[in-house]
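Here the structure is laid out as structure tokens; the discussion comes afterwards.
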Amino acid sequence: MTFINFSFGDNDVPLKYKSNARARRLSLRFSLKESALILTFPPRTSSSQIQNFLKRCEPWIEKQLEKVSHTQPILEGQELILHGTTVECITDPLRKKPVLCHVTNTLRLPSKYKQKDLYDVFKKIAADYLIPYVEHAAHQIGLSAKKITLKDTKSRWGSCSGQKAISLSWRLILAPPEVAQYVCIHEVVHLLHMNHSKSFWEVVAELCPAYQSHRKWLKLNGPRLMQI
């Protein structure tokens, strides 16, 4: 069995694969024990068939990674960096829902609150910063996204569908602004190239010359941010 890192958006997922003479079709499963994807395929299966199969499986892969992720609670006194600004989390018994105070740079948390309420605050912040990034990059290449949504995903930073709909993880606001902007550019360029071909990366490099360092930052620090 061969082991590689499968690129899933800007994340690397461990993938083990092997040819099986008895296999009649490609199959994919997720091993909790190994925390890896296991791919089995018939002999003489082409690399393009494998890539197309994995592409079709991306929604399923995302769901499996969501199941095994562990969220760390946000605690009083904890500091978060939201789009480059350090914010302190404090308890505010007068609040019914979490709220970000820009004057004091504090995230004010009720004594009791639902996780969804906290994520709603983060999504609002993400929309304020990320949507303009998408719109600006799309304008630069003379295209536009039909829909932009912010999601609570923990397996990928963004995606672009064949219907020109771009989805982004609100957790991008936990990354440096330039890294978040790179991801937005990355997804926008998929409006032009629905692949990761040489032409795709040439456009990304034109819009974001330092994209390689931003990709490296995400691979090193992304897993930690996905736990929030």
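The values are calculated or read from the model by the stated rules, or taken from the named source; none is laboratory data. Everything numeric in this text was worked out from a predicted model, so none of it was measured. Cβ atoms come from the backbone with ideal geometry, glycine included; neighbour counts cover every protein chain shown.
Structure notes:
- Across the stretch 211-228, the number of residues qualifying as closer than 15 Å to LEU80 by Cα and out of contact with any strand residue (DSSP E or B) (no Cβ under 7 Å at 6 or more places or on another chain) comes to 6.
- Checking every residue in the stretch 198-205 against the condition of being touching a Phe, Trp or Tyr at 6+ places or on another chain (Cβ under 8 Å) and touching a residue at least 12 places away in the same chain (Cβ under 8 Å) gives at least one match.
- Residue match in the stretch 161-171 (condition: within 25 Å of VAL99 (Cα to Cα) and assigned to a helix (DSSP H, G or I)): yes
- Just one of the listed residues (VAL103, VAL87, VAL121) is β-branched (Val, Ile, Thr) and loosely packed, with under 12 Cβ neighbours inside 10 Å, namely VAL103.
- Considering the conditions (1) hydrophobic (A, V, I, L, M, F, W, C); (2) modelled with pLDDT under 90; (3) farther than 23 Å from LEU225 by Cα; (4) touching a Cys at 6+ places or on another chain (Cβ under 6 Å), LEU94 is excluded by exactly one of them, (4).
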